[in-house]
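Shown next, in structure tokens, is the structure this report addresses.
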Amino acid sequence: MTTTLISRTARRRWWWALWGLMAVLAVGIAAYAVPPYLTGDPADSALPLRPDVALHYLSLVVHAVPGGLVLIIGPLQFMTRLRVSNPKVHRVLGRIYMISIVAGSIAAIVAATYSLDGFPSQVAFYLLTAAWLYTVGKAYQAIRRGEVQLHRIWMIRNYALTFAAVTLRIYLIIGMAVRASVADLAFEDVYTTSVWASILINVVVAEYFIIHRTLMPLARRRQRRDSAPAAQNTEEDAVPTHAGKKG
Ligand code: HEM
């Protein structure tokens, strides 16, 4: 009994540490990457722009601003306490999150088309956009049906893709440090590798997290419930269902 309590406390602490790190990195990258696109001056762009295409800079502005918003809102949406105590806030932020993804995705397609960073990165960005839209669509569909756990799983997948904006920049910093000591490593190779790594590693981490934080606890609870039908509700069971509260 005491051992179970200790391990539950340890798990909760580990979860808060992870959540804190994720939130700090999300806010940090949003604060670092978005401001150059708030000035309205293409000269402030961190990326090289096509001089003949005004739409290139505009697409980065329309992409970066909602992207930053999505990055910051995400961690709040995973707070069980906020969801349970204030489901209305969760719903409002969820709508802002979703609309921002749609706007950010349309702009990302344009930005990827004009990107000067090479075909392999462009392919990665197109795939990322499709997956970003698909996962948020599935999450929305699940919650409209009142399937809370499924909604959570799709949102973990979606935020893992959003978080590629953070890991991309971390891999770029590491890649540039490696490049400084490896003379014939081209920037384009560092960039392409970082883009693909940020997506693929995040997807793998998300699936691991889904299995260990959602599916396995669910299976354990189901097992306990089957062996002791009068078992009490747990924190996870208290997650509000939006069934019957559509809109
Ligand atoms: C997850 C889906 C996302 C996709 C598909 C995507 C796609 C893109 C594309 C195609 C570019 C242009 C890259 C180039 O020309 O090489 C770009 C740049 C940018 N993106 Fe995203 N992005 C996503 C998420 C985010 C998020 C969540 C943020 C939030 C901060 C963000 C912020 C930016 C910024 C600020 C730039 C300009 C480049 C820079 O200054 O670093 N993106 N993105």
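For segment 15-67, the set of residues classified as open to solvent by 70 Å² or more (accessible area, probe 1.4 Å), of a type in the set (A, V, I, L, M) and either within 15 Å of Phe163 (Cβ to Cβ) or out of contact with any helix residue (DSSP H, G or I) (no Cβ under 6 Å at 6 or more places or on another chain) (or both) consists of Leu21, Val24, Val27, Leu38, Ala43, Ala54, Leu55, Leu58, listed by residue number. All conditions but one from (1) within 14 Å of Leu71 (Cα to Cα); (2) at pLDDT below 95 apply to Val178; the one that does not is (1).
Are any residues in segment 176-232 among the hydroxyl-bearing types (Ser, Thr, Tyr), over 30 Å from the mean Cα position of the chain (by Cα) and within 30 Å of Phe119 (Cα to Cα), and if so, which ones?
Initially, segment 176-232 is screened for residues among the hydroxyl-bearing types (Ser, Thr, Tyr), giving 181, 191-194, 198, 208, 214, 227.
Narrowing further to those that are over 30 Å from the mean Cα position of the chain (by Cα): 181, 227.
Of everything in segment 176-232, just one residue is among the hydroxyl-bearing types (Ser, Thr, Tyr), over 30 Å from the mean Cα position of the chain (by Cα) and within 30 Å of Phe119 (Cα to Cα), namely Ser181.
Restricting the search to segment 15-49, which residues are charged (D, E, K, R) and either more than 10 Å from the ligand (Cβ to nearest atom) or within 30 Å of Arg213 (Cβ to Cβ) (or both)? Before the answer, list the steps.
As a first pass, look at segment 15-49 and keep what is charged (D, E, K, R): 41, 44.
Listed by number, the list holds a single entry, Asp41.
Is it true that Phe163 is aromatic (Phe, Trp, Tyr) and free of Cβ contacts under 8 Å to residues at least 12 places away in the same chain? Criteria not met by Phe163.
Among the residues making up segment 62-87, a single one is within 9 Å of the ligand (Cβ to nearest atom) and touching a Leu at 6+ places or on another chain (Cβ under 8 Å): Val65. Pairs meeting the criteria (first residue in segment 166-180 and assigned to a helix (DSSP H, G or I), second residue open to solvent by 30 Å² or more (accessible area, probe 1.4 Å) and more than 16 Å from the ligand (Cβ to nearest atom), beta carbons under 9 Å, at least 6 apart or on different chains) are Gly175/Leu185; Val178/Leu185; Arg179/Leu185.
Hey, any hits in segment 88-96 for a residue that's more than 8 Å from the ligand (Cβ to nearest atom), closer than 22 Å to Arg169 by Cβ, buried (at least 18 other Cβ atoms within 10 Å of the Cβ) and not aromatic (Phe, Trp, Tyr)?
Residues of segment 88-96 that are more than 8 Å from the ligand (Cβ to nearest atom), as a first pass: 88-96.
Next cut, closer than 22 Å to Arg169 by Cβ only: none.
No, that holds for no residue.
Among what's in segment 48-91 and is of a type in the set (D, E, K, R) and touching a residue at least 40 places away in the same chain (Cβ under 8 Å), pick the residue that is nearest to Ser115 (Cα to Cα). Filtering segment 48-91 for residues that are of a type in the set (D, E, K, R) and touching a residue at least 40 places away in the same chain (Cβ under 8 Å), the one nearest to Ser115 (Cα to Cα) comes out as Arg50. Taken over segment 116-133, the residue count meeting the criterion of being polar (S, T, N, Q) and free of Cβ contacts under 8 Å to residues at least 60 places away in the same chain is 2. Open to solvent by 80 Å² or more (accessible area, probe 1.4 Å) and either under 18 Å from Ser100 (Cβ atoms) or in contact with a Phe, Trp or Tyr (Cβ under 6 Å, 6 or more places away or on another chain) (or both): does that describe Tyr208? Here the answer is no, as Tyr208 does not meet what is asked. Of all residues in segment 156-174, those that are within 11 Å of the ligand (Cβ to nearest atom), more than 14 Å from Gly28 (Cβ to Cβ) and among the aliphatic types (A, V, I, L, M) total 4.
Could you tell me whether segment 63-80 includes any residue that is over 16 Å from the mean Cα position of the chain (by Cα), modelled with pLDDT under 95 and in a helix (DSSP H, G or I)?
Quick first cut of segment 63-80, residues over 16 Å from the mean Cα position of the chain (by Cα) only: 80.
If we keep only those that are modelled with pLDDT under 95 as well, we get 80.
Checking the rest, the ones that are also in a helix (DSSP H, G or I) come to 80.
Scanning segment 63-80 turns up at least one residue that is over 16 Å from the mean Cα position of the chain (by Cα), modelled with pLDDT under 95 and in a helix (DSSP H, G or I).
Within segment 134-155, the residues that satisfy the criterion of being in contact (Cβ under 8 Å) with a residue 12 or more places away in the chain and either crowded, with 19+ Cβ neighbours inside 10 Å or aromatic (Phe, Trp, Tyr) (or both) are Thr135, Val136, Ala139, Tyr140, Ala142, Ile143, His151, Arg152, Ile153, Trp154, Met155. Checking Thr129, Thr113 one by one, the residue that is closer than 23 Å to Phe209 by Cα, assigned to a helix (DSSP H, G or I) and polar (S, T, N, Q) is Thr129 and no other. Could we say that Leu76 is closer than 19 Å to Gly20 by Cα and open to solvent by 20 Å² or more (accessible area, probe 1.4 Å) here? Criteria met by Leu76.
The values are calculated or read from the model by the stated rules, or taken from the named source; none is laboratory data. What you are looking at is a predicted structure, and each value in this text was computed from that prediction instead of being measured. A quick note on method: Cβ atoms are made from the backbone with ideal geometry, for glycine too, and the neighbour counts reach across all protein chains shown. To get the accessible areas, we keep the full protein, side chains included, count just its heavy atoms, and leave off ligands, DNA and RNA. Shrake-Rupley method; radii C 1.70, N 1.55, O 1.52, S 1.80 Å.
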